[in-house]
Structure formats: C-alpha cells, structure tokens
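Accompanying notes for the structure given below.
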Amino acid sequence: MEQFTGAARAGAPAAQLASRRRAEVAPAATIALASVPDGAGERLATEIPEFDRALGGGLVAGSLVLVGGDPGIGKSTLMLQAAARLALRGVAVTYVCGEESPRQVRLRAARLGVESAPITLVPETNLESALAAAEANGAAACIIDSIQSVYVEGLESRAGGPAQLAEAGARLVAFAKGAGIATIVTGHVTKGGEIAGPRLLEHLVDVVLYFEGAESGALRVLRAVKNRFGATDEVGVFEMTGAGLRSVENPSAAFLESHDPEASGCAVTAVVEGSRPLAVELQALAVPSFLATPRRIAAGMETSRLHLLLAVLARRGGLNATNLDVVATVSGGMRLRDPGADLAVLAALESAIRDRPLDRWTAYLGEVALSGAIRPVINSGRRLQELARLGFRRCLVAAGTPAIEGITLIPVTNVREALVATGAPQRNKPLFEGDGATATPPTSRRPPQPLSP
Ligand code: TYD
Ligand code: MG
C-alpha cells in the first residue's frame, strides 16, 4: 500500500502540487522548424559599404546592434551618416539623441552634407518614452545615441550604471524583437574595456561592433566581435575626413601608406579578418634603455605577445634586446589577433634591434612557436595573393606553404633560418654609435650579439 512507503508519502504532495501547477499554466506557442521563415530576414543595407560589410550585409529587421568605441572615435558620425542614407531612401528612421541637443546633431548633419535628410530626432533620455516615440513614428530603424545617456525609470542607479545598462538592454531587445525595428545603440567603451560599461550588453544584443582605435591618424577599423547574422572578425575600414567617415576601398594600401622602406623595424604581413585578407605593417623601434627594467610597449597587439617573441628571438635566434627599450605597433590602428603575423613581428624586431631596414618587397607570413619553429598559417593562399597584388615579390613563409603565382616563397623552418633569410648584410654601424657622449656602451649594456652564420 503506497501510503506506507516513505518515498510515496514524501512524493505525494509534491506531485499533486506539480500537476496542479501544470493545469494552471498556459502552454507556450510552438512552431514546426520547417515552417520557420528561412534566412535572417530582410537586410536593410545602409549603403555605406564598409558598415554593411561589418554588419554582415546590412541591418536585419528586428535585430539589436551595439556600436562601441572610445569617445570621439566616430560613433555618432557613422550613426548619422547611416541614418541619413536610410532616410534619403525612404526608410523611416528615428534618432534618439540623448547625448546631444538637436542643434548639435543638426550642426554635424550640415558638416556631413545631410541636413535635409528626413530623420526624426527624439531628444529624450527616458528610454521608454523615446522608444514609444519611435514606434509611434512607424520607424523601420531606430538609433539610440548613446546607451549611457538614457535611463529606465524606477531604478535607483544612475544612467550608465550596471543596473541601468542591464535593464535598458532588456528593454531594447524586447523593443527590437517586438516591433521588428532594426535598432542600433552606441556605447562608450574605454581602452580598459571597463567592466560596468556596454560590455554588459554584449550577450543580449545580436551584433557587437567595436571601433578599434588609432589615437592618431584618420583610419578607423570597425570590427564585428559578435554577429548572430554574419561572420565575426569581419572588419570595416573607414577614413575620417572633414565630411565624415568614408569607406576605404583598398584597406591594404591604406594600411601600408605610411610604409617607409628606408626605415628599420618595418615588416609587412597579411592577416585575414572576417572574409578578406588585409596587409598590415608591423613597426618596431629599439633604443638603448636607461632603466633597470627596459620598457616593452605594444600597441595593436598584446604586450605578452611582444614579450614572448622577444624571448624566442633571444633564446632561439641568439638576438638579445635585454638592454633595449622596445616599442611595437601595428599600422592604421588595427588590433592583431592573428598569430600568422608572428613572423613579421619577429622580422620587425630583428630589423629594429640591428637598426637595419628590411627588403622593401619582401613580406613575412608564419606563426612562431616557443621552440623557434615557424609554422604555416591558415588561408596562406589568399594572404599571398593580397601581398602579390600589392606588389610584394617575395615572402618568407613556413616550409610546406603551397606556392602561388606572382610571388616567390622563401621557406624557413625555424627562427635562425628566418634571421638569415631576412637578407641584406648587416649595416656597418654598431647600435650604440653616436649615442650621446659614449662611443662604446657601458659594460652593463652589451649591444645585441651579432648572428653567427
Ligand atoms: P563623433 O562621431 O562625435 O565621436 P563619438 O560619437 O564616437 O564620440 O566624432 C568625433 C570626432 O570626429 C571629432 O573629433 C570630430 C571628428 N569629425 C571629423 O573629423 N569629421 C566629421 O565630418 C565629423 C562629423 C567629425
Ligand atoms: Mg557620440
């Protein structure tokens, strides 16, 4: 008899409760997989080629996009340009300008030459009422500039605080999905990528685009770090001009524009970003250090990567930078994620340490292992094609890299071979010559050992 078993006695009330609860709950709607409309839905192209590329082909109806980046990098500029393009094509666009007054927006629009575009401005920081205005306007696209400037009523925390961001994010998702409106929200993300910043929104939104920043220079790289409707790591490349952001048609050429073949410490490689190969230049500088711990400064790559490659260069290549301050950067403000650029970093470092320019028409492609082995990179064919297109005649590659037409491959298996293959005889100039009053370095600062053949 079941009431005498312990399990049944304990289980009975719970089971009764569960079945009662089941009876009360209305079942959720279901849908057969095969009957779901295919594709990501209709794309709303902004007709700004590099923005559409980063988006994966344009805005998807009902999607939520986050555009982040440092203050002043060009988020509002791009938003206004996109809004104008859409509006001029008859798409109803609502622009929530929480951060700036309509006058300021109008001034920027005049600078961009789009002041007559039929954009509806909503100068409002209360998120709910701004979104209600967009819906009432029949918007097909809605831009919120910025997430830090709007607030959700009824929460204690200040606009831009973690609780506000989380709540605003949830409301925006519901708004975009519920009303089927393509929604873009901008957010300031500082270099430190502050934890309580718009990064909190990353998991909520469909697409995350970040401007990678060059502090100087006009090039701007917009990278898709998340895209539910397209490839991640796709990058859009722009140039900031007096009349807004211009899509760069030939980014590789733009990244190499500052290339000075006479300067030491410069090496070119090709990285694959999203669906296309891009040539970039690694620039390194090595100078005698007067610090107990010489400095290592990296921009556009992890400092740990620089440390690692210097260590490999010292141990496996016999080329030491112990007493040198070393700076390494990537041209155009691009952030390197691709280990295929290692060999170029190594070549740039060698060239900088020896103060000896590399061959103008040689490029470098390969991953570097801790053992000093040079490993092949993925998509080598497309990278080599890009380098050949730009006029490079030779490329140092890992042994086993398939040849392509138009560029001569110089296979190397390890760092030592690579250092030998970087070519030109060493300049007849010691590193410390002309360095202040001392013709010879102090004994504690030994210059790098020349490479034994
Ligand atoms: P902005 O879009 O306001 O940056 P964000 O919204 O990311 O903070 O861009 C600001 C910078 O761009 C500012 O320093 C001025 C410059 N700019 C131009 O060089 N040309 C232009 O046409 C515009 C509109 C801005
Ligand atoms: Mg702005």
Note on the chain: the mean projected area of its alpha-carbon convex hull, in nm², is 33.5
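Taking each pair of different alpha-carbon atoms in region 43-249 once, compute 1/r for the pair, average those values, and report the inverse of that mean as the Kirkwood hydrodynamic radius in Å to one decimal. Working shown, then result.
On the way: mean 1/r = 0.0601 Å⁻¹.
When all Cα pairs of region 43-249 are included, the Kirkwood radius is 16.6 Å.
How do 58-65, 316-323 rank on mean C-beta neighbours within 10 Å, highest first?
Details: 58-65: 22.9, 316-323: 18.5.
The packing order, highest mean first, is 58-65, 316-323.
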Magnitude of the Cβ-charge dipole (Lys and Arg +1, Asp and Glu -1) of the chain about the Cα centre, nearest 20 debye, reported as 880
From the backbone phi of region 380-395, what are the Karplus-calculated ³J(HN,Hα) couplings (6.51 cos²θ - 1.76 cosθ + 1.60, θ = phi - 60°) in whole Hz, Gly and Pro given as x? 4, x, 5, 5, 5, 4, 5, 5, 5, 4, 7, x, 6, 9, 10, 8
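Please report the net charge: other residues with Cβ closer than 12 Å to the Cβ of Leu204, K and R +1, D and E -1.
Working: positive: Arg171, Lys177, Arg199, Lys226, Arg228; negative: Glu167, Glu202, Asp206.
With Lys, Arg at +1 and Asp, Glu at -1, the neighbours total +2.
Rounded to the nearest 500, what is the 222 nm mean residue ellipticity of the chain from helices alone, with -39500 (n - 2.57) per DSSP H run of 4+ residues and division by all residues? Display every interim value, and only then the final one.
Values: 11 runs with 129 residues, N = 453.
Value at 222 nm, helices only: -9000 deg cm²/dmol.
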Using 20 Å as the cut-off for backbone N distance, which residues of region 371-401 belong to the label zone defined by a point 7 Å from the Cα of Ala311 along Cα→Cβ? 371-375
Spin-label proximity, Val36 to region 46-69 - amide N less than 19 Å from point 7 Å beyond Cα toward beta carbon: 60-64
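Among Arg393, Arg103, rank each residue by its count of other Cβ atoms within 10 Å, from fewest to most, as a rough exposure measure. Intermediate results must be reported in sequence, preceding the final value.
On the way: Arg393 14, Arg103 10.
Listed from fewest to most nearby Cβ atoms, that is Arg103, Arg393.
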Across region 254-268, in residue order, what do the Karplus-derived ³J(HN,Hα) couplings come to in whole Hz, using 6.51 cos²θ - 1.76 cosθ + 1.60 with θ = phi - 60° and x for Gly and Pro? 5, 5, 9, 4, 7, 4, 10, x, 7, 7, 7, x, 10, 9, 9
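Among Arg158, Arg389, which comes first, second and so on when ranked by fewest other beta-carbon atoms within 10 Å?
Details: Arg158 10, Arg389 16.
With the sparsest Cβ surroundings first, the list reads Arg158, Arg389.
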Taking amide H positions as placed 1.01 Å from N in the peptide plane, with prolines and chain starts having none, which residues 5 or more places from Tyr95, or on another chain, fall under 5 Å of its amide H? Thr120, Leu121, Val122, Ile143
Amide H to amide H under 5 Å from Arg296: which residues, 5+ apart in sequence or cross-chain, H placed 1.01 Å off N in plane? Val326
Sorted on mean Cβ neighbours within 10 Å (highest first), peptides 285-298, 88-101 come out as 88-101, 285-298
Hz values of 3J(HN,Hα) by residue in region 70-82 - Karplus curve (6.51, -1.76, 1.60), Gly and Pro given as x: 4, x, x, 7, x, 5, 5, 4, 5, 4, 5, 5, 5
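Within 15 Å, Cβ to Cβ, of Arg389, how many net charges do the neighbouring residues add up to if Lys/Arg are +1 and Asp/Glu are -1?
Values: positive: Arg276, Arg382, Arg383, Arg393, Arg394; negative: Glu249, Glu386, Glu405.
Taking every other residue near Arg389 into account, the sum is +2.
FYI, it's all coordinate maths here, none of it is from the lab. Everything quoted here is computed from the prediction, not taken from an experiment. With ideal geometry, Cβ positions are generated from the backbone for all residues, glycine too; neighbour counts draw on all protein chains shown.
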